[in-house]
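This report concerns only the one structure given below.
Here, each number is a calculation from the coordinates, and none is a lab measurement. The structure displayed is predicted, hence computed values, not measured ones. With ideal geometry, Cβ positions are generated from the backbone for all residues, glycine too; neighbour counts draw on all protein chains shown.
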Amino acid sequence: MSSPELTAPLEAQIERWRSYLARRRAVHAVDVAELEDHLREQIGALTTAGLSTDEAFLVAVKRMGELDGLSREFAREHSERLWKQLVLTSSDGGAPARDVRRDGIVAFALAVVAAMLVKMPGLFGASMDSDEGFYAQNAPFFVFPLLTGFFVWKRGLATRTVRWLIAGFVIAGFVANLYPLAPGGHVMALAILHLPIALWLLVGVAYAGGRWAQTAGRMDFVRFTGELFIYYVLIALGGGVLTGFTAMIFEAAGLKIEWFFQQWLVPCGAAGAVIVAAWLVEAKQSVIENMAPVLARIFTPLFTAVILVFLGTLVVTGRGVDIARNVLIAFDILLVLVLGLLLYSVSARDTEAPPGPFDALQITLLVLALVADAIALQAIVGRIGEFGFTPNRVAALGENVVLLVNLAWSAVLYVRFVRGRGSFAALEQWQTRYLPVYAIWAAFVVAGFPLIFGYQ
Amino acid sequence: MDISKDLIAASSTPLVLAILAEEDSYGYAIIKRVRELSGGHIEWTDGMLYPVLHRLERLGYIKARWGVAETGRQRKYYRLTATGRSQLEKEQAQWHAVTATLRGIWGTTRFLTAGPLFAGA
């Protein structure tokens with residue numbers, strides 16, 4: 001049955017119907033094509049029978065059945081489709097699947113290399129038990145250069161940028177191992193904590209490809225970091241189950257294999273998992289909703305409530321903040337968490353959307369965190385002379401200032417946006433522009449502190 | 001006369017298999033054929049045929065292939081497989097048994113609604 005001349009409005013109607021149908025996740029493009037063929041045939045038959053195209057379209061759509069019911073039937077028959085989106089093997093769409101597979105092979109190869117790198121110092125007589133300091137200090141070097149390499153390869157980075165990245169890693173490698181830091185000393189502990197933060201910037205430059213200069217490129221990196229963290233935690237959980245299970249069955253056979261875990265499985269797995277997790281995030285970024293912003297949404301009200309209660313308690317009881325040893329660290333952590341909540345809410349927010357209640361909540365959280373931190377800072381600054389400048393205290397104080405500046409100006413920009421005097425893009429831009437400051441401060445702690453405070 | 005949903009659902013498999021046993025076909029033509037065969041008594045919601053076809057394909061009774069219709073459009077044709085043919089025979093045997101049973105009982109008790117079965121209660 002040949003269809004008569006299809007008019008333009010009818011084509012538009014069919015197009016709309018098709019796009020409605022295509023939105024159902026259980027109905028794939030091939031099914032839409034099959035159903036569309038049916039619809040057109042039906043319309044053709046009805047118009048031949050004397051209906052106008054409009055009427056024919058309505059009748060044909062009605063006969064096809066309600067879309068909800070239809071997609072429910074498809075979902076029942078193809079329930080795997082709703083889940084398949086969570087798994088990487090996509091059967092439709094040839095080229096992307098091949099890309100994903102190729103990336104996967106490269107990522108796994110790099111993960112194996114990372115695992116081997118972890119064991120490499122062993123060949124030169126370093127032992128994971130006795131040279132803990134060496135391993136802790138150099139841990140990022142087993143993984144980050146490979147991760148950077150992965151993105152250099154994937155994004156096809158310019159040679160000039162690659163040279164800068166290599167230079168960055170080489171210099172960091174020298175600095176990290178140059179100073180004769182006392183194992184277990186404060187300065188070394190700080191260096192161990194801060195080196196990954198500084199080096200993460202290099203990974204970011206590679207990740208962003210040529211877009212590091214742009215807000216969007218850096219924001220993508222922020223998203224990537226959040227998702228990577230979540231995937232890594234999930235893989236670590238799986239690894240924990242695997243380890244526990246392996247230990248149990250070998251125990252049953254009367255074999256103790258703890259040495260294997262400590263020397264091989266855990267360190268090699270931890271290194272390789274970073275790259276595998278990075279690949280997963282890359283492959284899935286468009287497939288499922290990002291988790292980090294969801295978590296940010298859940299925890300923003302909760303943190304706001306906690307800080308509110310805390311400040312309320314201070315006011316009611318008339319207590320000041322007791323400057324015990326770790327209190328500044330606690331407030332640093334608070335600011336980091338607030339920054340994370342802000343960053344991931346910002347990263348997922350539609351820049352064009354008008355201010356809403358969640359923005360108000362976000363500002364409340366920001367302001368409360370700033371007030372809490374100001375109280376803590378004031379208490380510390382007032383008594384810093386008494387305590388003296390130890391490396392830990394200076395590091396904590398410096399971090400606090402860096403975070404405070406970031407959050408305070410964010411609060412200003414956010415308020416401006418809510419009042420309609422500024423754009424949301426300005427806030428986003430500020431957040432992303434500020435990112436290198438963290439890396440620079442971290443680099444300073446690694447490279448500068450031993451010079452200032454000695455090697456203890 | 002409206003045939004109940006359950007009955008339509010139950011008869012869909014043998015109907016589709018039987019139609020495809022006649023010749024290879026596609027969704028719209030299958031529905032048209034069902035309408036002709038049933039004298040209009042069996043009315044399917046058109047879209048619902050496709051999940052059924054996909055299920056039969058998954059079970060291996062039929063096989064799909066994309067072809068080009070005389071209108072030049074892409075069209076998905078279905079063909080009965082050997083497994084489908086033996087399944088059709090099984091279905092036929094089952095339906096024969098069911099209809100024979102019903103005919104047997106309806107031959108002896110003529111009045112379903114007159115209530116001779118329940119009158120004594």
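Once phi is turned into ³J(HN,Hα) by the Karplus curve 6.51 cos²θ - 1.76 cosθ + 1.60 with θ = phi - 60°, what whole-Hz value does each residue of segment A:197-209 show in order, with x for glycine and proline?
Once θ is set to phi - 60°, the couplings for segment A:197-209 become 5, 5, 6, 4, 4, 5, 4, x, 4, 5, 4, 5, x Hz.
Go ahead and run the numbers for FRET between A:V394 and A:L337, Cβ-Cβ distance against an R0 of 22 Å, rounding to 0.05.
Values: r = 22 Å, r/R0 = 1.00.
The pair A:V394/A:L337 has a calculated efficiency of 0.50.
Taking amide H atoms as placed 1.01 Å from N in the peptide plane, list the residues 5 or more away in sequence, or in a different chain, whose amide H sits under 5 Å from that of B:R75.
Placed amide hydrogens put B:G67, B:V68, B:A69 under 5 Å from B:R75.
Label point 7 Å out from B:T45 along Cα-to-Cβ: which residues of segment A:53-74 have amide N under 12 Å?
What the label zone holds, given the 12 Å backbone N cut-off, is A:62-74.
Cα-based Rg of the protein assembly as shown per 2.2 N^0.38 Å, rounded to two decimals?
Values: Rg = 34.0 Å, N = 577, 2.2 N^0.38 = 24.6 Å.
Ratio of Cα Rg to 2.2 N^0.38 Å: 1.38.
For segment A:114-164 and segment B:42-95, compute the distance between their C-alpha centroids and round to whole Å.
Cα centroid to Cα centroid, the span is 57 Å.
Return the sequence-ordered ³J(HN,Hα) values of segment A:399-412 in whole Hz as given by the Karplus equation 6.51 cos²θ - 1.76 cosθ + 1.60 applied to θ = phi - 60°, using x for Gly and Pro.
Using θ = phi - 60°, the values come out as 4, 4, 5, 4, 5, 4, 4, 4, 6, 4, 5, 4, 4, 4 Hz.
Quick check: the angle from helix A:266-284's long axis to the longest principal axis of chain A, C-alpha only, nearest 10 degrees?
That works out to roughly 40 degrees.
Looking at A:A45, A:V61, A:A22, which one has the Cα that reaches farthest to the positive end of the dipole of segment A:8-84 (charges on Cβ: Lys, Arg +1; Asp, Glu -1)?
A:A22
Taking only C-alpha pairs under 8 Å that are 6+ residues apart, what is the relative contact order of segment A:132-204 in percent? Walk me through the numbers before you get to the answer.
Numbers: 34 pairs, mean separation 40.1, N = 73.
Rounded, it is 55 percent for segment A:132-204.
Nearest 20 debye, what's the magnitude of the dipole of chain A about its Cα centre given +1 on Lys and Arg Cβ and -1 on Asp and Glu Cβ?
Details: 35 positive and 36 negative charges, 205 e Å.
So the magnitude is around 980 debye.
For a test of understanding, tell me how many lysine pairs in chain A have Cα atoms under 27 Å apart, given they are 8 or more places apart or on different chains.
Here the count comes out as 5.
Quick one: angle between helix B:27-37 and the longest Cα principal axis of chain B, in degrees between 0 and 90, rounded to 10, please.
Helix B:27-37 sits at roughly 30 degrees to that axis.
Between helix A:159-178 and chain A, what is the angle of the helix's C-alpha long axis to the longest principal axis, kept within 0 to 90° and rounded to the nearest 10?
30 degrees
Quick one: if the Förster radius is 41 Å, what FRET efficiency do B:L59 and A:R18 give, using the C-beta to C-beta distance and rounding to 0.05? Write out the running numbers ahead of the final one.
Numbers: r = 28 Å, r/R0 = 0.69.
It comes out at approximately 0.90.
Answer rounded, prolate or oblate for segment A:176-317, using the Cα gyration tensor with square roots of eigenvalues a ≥ b ≥ c: rounded when a/c is under 1.5, else prolate when a/b is larger than b/c, else oblate. Walk me through the numbers before you get to the answer.
Details: a/c = 1.40, a/b = 1.30, b/c = 1.07.
Rounded is the answer for segment A:176-317, as its axis ratio a/c remains below 1.5.
Under 5 Å between amide H atoms, partner at least 5 residues away or on a different chain: which partners does B:I62 have, H built in plane at 1.01 Å?
B:E57, B:T81
Is it possible to state the helix-based mean residue ellipticity at 222 nm for chain B, with each DSSP H run of 4+ residues giving -39500 (n - 2.57), the sum divided by total residues, to the nearest 500 deg cm²/dmol? What is it?
Details: 5 runs with 70 residues, N = 121.
Estimated from H runs of four or more residues: -18500 deg cm²/dmol.
Could you give me the ³J(HN,Hα) list for segment A:342-350, computed from phi with Karplus coefficients 6.51, -1.76, 1.60 and θ = phi - 60°, whole Hz, x at Gly and Pro?
The phi angles translate into 5, 4, 7, 5, 5, 5, 9, 7, 6 Hz.
Just name one of A:G173, A:A271, A:Y135: the one whose Cα is farthest towards the positive end of the charge dipole of chain A (beta-carbon charges, Lys/Arg +1, Asp/Glu -1).
A:G173
Exposure proxy check: A:Y414, A:Y135 ranked by fewest other beta carbons within 10 Å?
Details: A:Y414 25, A:Y135 17.
In increasing order of surrounding Cβ atoms, one gets A:Y135, A:Y414.
With unit charges on the beta carbon (Lys/Arg positive, Asp/Glu negative), name the residue among B:L15, B:Y28, B:S38 whose Cα is farthest towards the positive pole of the charge dipole of segment B:5-107.
B:Y28
Give me the three principal axis extents of segment A:8-84 from the C-alpha atoms, as integers in angstrom, largest value leading.
44, 20, 17 Å, listed from the longest principal axis down.
Name the residues whose placed amide hydrogens come within less than 5 Å of the amide hydrogen of B:S25, ignoring near sequence neighbours (fewer than 5 apart) on the same chain.
Under 5 Å from the amide H of B:S25 lie the amide H atoms of B:Y78, each far enough along the sequence or on another chain.
Taking a ≥ b ≥ c as the square roots of the eigenvalues of the Cα gyration tensor of segment A:90-286, is the shape rounded (a/c under 1.5), prolate (a/b larger than b/c) or oblate? Before the final figure, lay out each step's value.
Numbers: a/c = 2.09, a/b = 1.16, b/c = 1.79.
Oblate is the answer for segment A:90-286, as a/c is 1.5 or above yet b/c matches or exceeds a/b.
What does the C-alpha gyration tensor say about the overall shape of segment B:5-107? Classify as rounded when a/c is under 1.5, otherwise prolate if a/b is larger than b/c, or oblate.
Values: a/c = 2.40, a/b = 1.64, b/c = 1.46.
It comes out prolate by the Cα gyration axes.
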